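What follows is a short report on a single structure.
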Amino acid sequence: MPSPFPGMDPWLERPGLWPDVHDSLIMGLRRALVPLVRPRYYVTVRQRNVIAVASPEPNIIIPDVAVIERDEPSPMAESSLTALAEPIAVEVPVPEMIPEDYLEIVNVADNRVITVIEILSRSNKSPGEDRKRYESKRSMIFRSDTNLVEIDLLRDGEPMPFTFLQSNGHLSHYRILVKRGDFGRRAYLYPFSVRDPIPNFPLPLQPGDVEPPVHPGKVLKEIYDEGGYDLYIDYSQPPEPPLSEADMSWAREVLRTAKAAHL
């Protein structure tokens, strides 16, 4: 079954699934962009390391020390008249460095990075060192003549900072930010909700270049089919994070109509 939603599928945001979606989107965008920018530019995948922390299961209370009562006292207990503290198995948070991909569009003539394309992850949108490092990189790009495209398809977490110069009152679950290197502090924001198609946007290159249109919604639908996400998404369960009651009612109707169309 193809993707049932007109734009972003909120079930793809599930923490256990999103890293696969993120990497697939990076590669899908690269395939789409290469024929648009060659032969003057090439598109390369870059990596940085971010910290992933595996935490114990929630709502499990693990005591610091457990005293276990025995049916039969041990010789040590008989001699000391005290019960021994025994260890129990626990899980502790273990930081793990994992790679995170982004794209660069590079000028063939001098290998200069012209445009950086980022698809935000939870590490970018959660408090901590990874967000600080990303915000620092973002600020460096803003102070240079490099273009930045920032695609945020996650409702969870803290959005990247910007100040509205105007607003259309549009509900914004998701955002695409396009910042041209020669525009000073000015950037263009494409906000959209879970009910909207993902907007297309012009790809910023060098001044004087024709800016080809990018179709991220088309790429998402392609990787949905390629990844067979419909085979292991359980649409009977609510998405993570949850939708509002009104949006959930809308989503159920979208899924019901899509299922009926493919019977």
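The values are calculated or read from the model by the stated rules, or taken from the named source; none is laboratory data. This is a predicted model, so every value here is computed, not measured. Note: ideal-geometry Cβ built from the backbone for every residue, glycine included; neighbour counts use all protein chains shown.
For segment 98-133, the set of residues classified as in a strand (DSSP E or B) and of a type in the set (A, V, I, L, M) consists of 98, 103, 105, 106, 113, 114, 116, 117, 119, listed by residue number.
Taken as a whole, the structure leaves residue 222 outside the set of residues that are outside any helix (DSSP H, G or I) and either among the β-branched types (Val, Ile, Thr) or surrounded by 14 or more Cβ atoms within 10 Å (Cβ to Cβ) (or both). Which residues, taken from segment 213-263, are aliphatic (A, V, I, L, M), farther than 15 Å from residue 6 by Cβ and free of Cβ contacts under 8 Å to residues at least 24 places away in the same chain? Matches in segment 213-263: 231, 246, 248, 260, 263. Could you say whether any residue in segment 185-194 is more than 20 Å from residue 251 (Cβ to Cβ) and at pLDDT below 90? Yes, some residue in segment 185-194 is more than 20 Å from residue 251 (Cβ to Cβ) and at pLDDT below 90. Look at residue 178 and say whether it is in a strand (DSSP E or B), more than 23 Å from the chain's Cα centre (by Cα) and under 22 Å from residue 208 (Cβ atoms). No. Each residue in segment 113-142 was checked for being over 21 Å from residue 26 (Cβ atoms) and touching a strand residue (DSSP E or B) at 6+ places or on another chain (Cβ under 8 Å), and 3 pass. What do you reckon, is residue 120 under 27 Å from residue 9 (Cβ atoms), more than 20 Å from the chain's Cα centre (by Cα), buried (at least 16 other Cβ atoms within 10 Å of the Cβ) and touching a residue at least 40 places away in the same chain (Cβ under 8 Å)? No: the conditions fail for residue 120.
Being touching a residue at least 24 places away in the same chain (Cβ under 8 Å) and not in a loop (DSSP other than H, G, I, E, B) is the filter here; which residues of segment 134-165 pass it? If the condition is that a residue be touching a residue at least 24 places away in the same chain (Cβ under 8 Å) and not in a loop (DSSP other than H, G, I, E, B), then 135, 141, 142, 147, 148, 149, 150, 151, 152 are the ones that fit.
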